[in-house]
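The values are calculated or read from the model by the stated rules, or taken from the named source; none is laboratory data. The structure presented is a predicted model; accordingly, all values stated were derived computationally and were not measured. Virtual Cβ from ideal backbone geometry, glycine too; neighbours counted across all protein chains shown. The protein model used for the area step is the full one, side chains on, heavy atoms only, and it has no ligands, DNA or RNA in it. Shrake-Rupley method; radii C 1.70, N 1.55, O 1.52, S 1.80 Å.
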Amino acid sequence: MIIQVKDVVKRFGDLRALDGVSCTIEAGEVVIVLGPSGSGKSTFMRCLNGLEKVDSGVVIVDGMRLDHSKSDLRRIRQTIGIVFQQFNLFPHLTAMENLTLAQKVVLGRKPDEAREIALELLKKVGLSEKQDVHPAHLSGGQQQRVAIARSLAMKPKIMLFDEPTSALDPEMIGEVLEVMRDLAREGMTMVVVTHEMGFAREVGDRILFMDQGRIVEEGRIEEVLKNPKEERTREFLSKVLKG
Amino acid sequence: MGEWFIKELKTLGEILVFLVPAIPMTIKITLMAFAFALALGLFVGLSRVSPNKIFSIPSRIYVDVIRGIPLLVQIFFIYFGLGKILNLNQFVAGVAAVSICYSAYLGEIVRSGIQAIHKGQFEAAFSLGMTPVQTMRHVILPQAFPIVLPSVSNEFIATLKDSSLVSMIGLRELTRAGREYYSQYFVTFETWFVVGLIYLGMTFVLSRLASWMERRFRVHGWGMG
Ligand SMILES: Nc1ncnc2c1ncn2[C@@H]1O[C@H](COP(=O)(O)OP(=O)(O)OP(=O)(O)O)[C@@H](O)[C@H]1O
Ligand SMILES: [Mg+2]
């Protein structure tokens, strides 16, 4: 397994945002994380790449324990890419520069090599002609595709997506899901928080259903969707599947 | 009336000729003090936002203390107090005092500029494996720069004006030269009128320059309006 999470607790003051979460994720798996708002999905994702420090429990990624040292933490972050709901592109840099910055300063790639890799990835997400454009001049869907390419430029083994299409206008959702679908097809290990059930069913292997900081149900995607064991899951699914 | 006017003009001209040689000193003090203040202020501002208390607490105390004491008192303290122990001349003491004072203000400006940047920018940079130093240098500070530019240019103009305070320890800059002229010839009104006019001319040039830079940045910026 490439990710192992054991008894993870994350508190914000009195609130237990994660209340004893355990799970394992195999290389090449696409895991869909579902759950009502505030159930801890984002917190779970952020604990996987060390953006939040866990209060107790362990997270092991690709054989590295997350809390060991700062340099391990940075290695883990190079192993895991994350795509945020709000894209978080660097607004002062062009699309190309967004992709080359970390390659140069973190991985020490030569400018030419970094550009070459960046260009290839921009092509892959269908935006090679936008390489010299700043994020402010890109649509939401284009920005999110650049953000995905930026993560991929680090050659991660795992990609995390936290509601990557929730901030997008409906007509732009498809182009982003398309890029993610390609990635899954290439065998990328992916953890995806999304309400796009069509995408989840098509691409996902497994569902983690969260509620109140716990994983309350987990299983193969068709099975959970067809007959959820937990009342909470059933209730939630009937809402999202209708909406 | 006409005769009086011509006499006045002649006096003003004489004052101007007397004062002009002191202008380079004012400019020198301003430029040096502001350059040091910027470097120190950047350090203070970065320390203020550091998660490490070894940096954040001392820098906070530094800012509070420096901002709470009038510049003139700091100049006296550094020149007559420390200066006597460390054997500082007027120029070094004056520049040091102005630098330190303005580093506290600039430090606060830097801090507010950094804090104006969305948290997601830090998270994106960290997630790509960048260190805090790399994140500041390549992601945060370049974005904070246009935000703080107007405040920083205000401080630059203020430094120029406050450089007049070092006249009090006998450094012969513009204000000191004005005092010399007036104690020699007793033409109060005209002397301070010309001194004021010279300061006004310099600050006017600076503020034009500042708005040109701001405008230029907006045009060549990131198209974010
Ligand atoms: N930095 C924080 N400080 C305090 N509380 C937080 C913080 N981040 C999250 N929380 C709280 O932790 C709980 C879980 O939040 P989280 O963002 O993980 O939920 P989520 O499942 O992602 O919700 P959503 O679907 O709305 O994105 C919520 O109650 C939230 O208010
Ligand atoms: Mg969330």
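Identify the residue in region A:26-42 that is in a loop (DSSP other than H, G, I, E, B) and open to solvent by less than 30 Å² (accessible area, probe 1.4 Å) and, among all such residues, is farthest from ligand 1 (Cβ to nearest atom).
Looking at the filtered set, the residue picked out is A:Glu29.
With respect to A:Lys41, is the statement that it is in contact with a Gly (Cβ under 9 Å, 6 or more places away or on another chain) and within 16 Å of ligand 2 (Cβ to nearest atom) true?
yes
Determine which member of the set B:Ser183, B:Ser167, B:Ser153 is touching a residue at least 24 places away in the same chain (Cβ under 8 Å) and out of contact with any Phe, Trp or Tyr (no Cβ under 8 Å at 6 or more places or on another chain).
B:Ser153
Kindly indicate the residue of region A:107-130 that is open to solvent by less than 30 Å² (accessible area, probe 1.4 Å) and in a loop (DSSP other than H, G, I, E, B) and also nearest to A:Asp182 (Cα to Cα) among those meeting that condition.
Here the residue is A:Val125.
Of the residues B:Ser127, B:Ser151, which single one is among the hydroxyl-bearing types (Ser, Thr, Tyr), open to solvent by 20 Å² or more (accessible area, probe 1.4 Å) and out of contact with any Pro (no Cβ under 8 Å at 6 or more places or on another chain)?
On inspection, the qualifying residue turns out to be B:Ser151.
For region B:112-124, enumerate the residues that are more than 30 Å from A:Leu66 (Cα to Cα) and open to solvent by 50 Å² or more (accessible area, probe 1.4 Å).
Answer for region B:112-124, where residues must be more than 30 Å from A:Leu66 (Cα to Cα) and open to solvent by 50 Å² or more (accessible area, probe 1.4 Å): just B:Ser112.
Looking at region B:81-94 only, could you name the residues that are open to solvent by 10 Å² or more (accessible area, probe 1.4 Å) and in contact (Cβ under 8 Å) with a residue 60 or more places away in the chain?
Answer for region B:81-94, where residues must be open to solvent by 10 Å² or more (accessible area, probe 1.4 Å) and in contact (Cβ under 8 Å) with a residue 60 or more places away in the chain: B:Gln90, B:Phe91.
Checking the condition under 20 Å from the mean Cα position of the chain (by Cα) and under 23 Å from A:Asn88 (Cβ atoms), which residue from A:Leu183, A:Leu208 passes?
Answer to the check: A:Leu183.
With the requirement that a residue be touching a strand residue (DSSP E or B) at 6+ places or on another chain (Cβ under 8 Å) and of a type in the set (Gly, Ala, Ser), what does region A:76-130 give you?
Result: A:Gly81, single match.
As an exercise: evaluate A:Arg16 against (1) touching a residue at least 60 places away in the same chain (Cβ under 8 Å); (2) within 19 Å of the chain's Cα centre (by Cα) and give the number of the one condition it does not meet.
Going through (1) touching a residue at least 60 places away in the same chain (Cβ under 8 Å); (2) within 19 Å of the chain's Cα centre (by Cα) one by one, A:Arg16 breaks only (2).
If the Cβ limit is 7 Å and pairs must be 6+ apart or interchain, which residue in region B:2-26 that is farther than 18 Å from B:Tyr185 by Cβ pairs with which residue that is in a helix (DSSP H, G or I) and open to solvent by less than 70 Å² (accessible area, probe 1.4 Å)?
Partner pairs satisfying both residue conditions: B:Ile23/B:Leu174; B:Ile23/B:Ile198; B:Thr26/B:Ser163; B:Thr26/B:Leu174.
Checking the condition open to solvent by 20 Å² or more (accessible area, probe 1.4 Å), over 21 Å from A:Ile76 (Cα atoms) and modelled with pLDDT of 95 or more, which residue from A:Arg181, A:Arg201 passes?
A:Arg181
Quick check on region B:20-46: of everything there that is open to solvent by less than 10 Å² (accessible area, probe 1.4 Å) and more than 17 Å from B:Ala96 (Cβ to Cβ), which residue is nearest to the chain's Cα centre (by Cα)?
So, considering only residues that are open to solvent by less than 10 Å² (accessible area, probe 1.4 Å) and more than 17 Å from B:Ala96 (Cβ to Cβ), the one nearest to the chain's Cα centre (by Cα) is B:Gly45.
Out of the residues in region A:77-99 that are buried (at least 23 other Cβ atoms within 10 Å of the Cβ) and assigned to a helix (DSSP H, G or I), which is farthest from the other protein chains (Cβ to nearest Cβ)?
A:Ala95
Only residues that are within 11 Å of another protein chain (Cβ to nearest Cβ), open to solvent by 20 Å² or more (accessible area, probe 1.4 Å) and within 15 Å of ligand 1 (Cβ to nearest atom): list them for region A:43-70, please.
A:Arg46, A:Leu51, A:Glu52
Table: residues versus (1) under 30 Å from B:Ala93 (Cα atoms); (2) within 14 Å of chain A (Cβ to nearest Cβ); (3) modelled with pLDDT of 95 or more.
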{"residue": "B:Thr131", "(1), (2), (3)": "no, yes, no"}
{"residue": "B:Met136", "(1), (2), (3)": "no, yes, yes"}
{"residue": "B:Pro146", "(1), (2), (3)": "no, yes, no"}
{"residue": "B:Lys161", "(1), (2), (3)": "yes, no, yes"}
{"residue": "B:Leu165", "(1), (2), (3)": "yes, no, yes"}
{"residue": "B:Leu197", "(1), (2), (3)": "yes, no, yes"}
{"residue": "B:Met202", "(1), (2), (3)": "yes, no, yes"}
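Being within 14 Å of chain A (Cβ to nearest Cβ) and open to solvent by 60 Å² or more (accessible area, probe 1.4 Å): is that true of B:Asn52 here?
Spelling it out, B:Asn52 is indeed within 14 Å of chain A (Cβ to nearest Cβ) and open to solvent by 60 Å² or more (accessible area, probe 1.4 Å).
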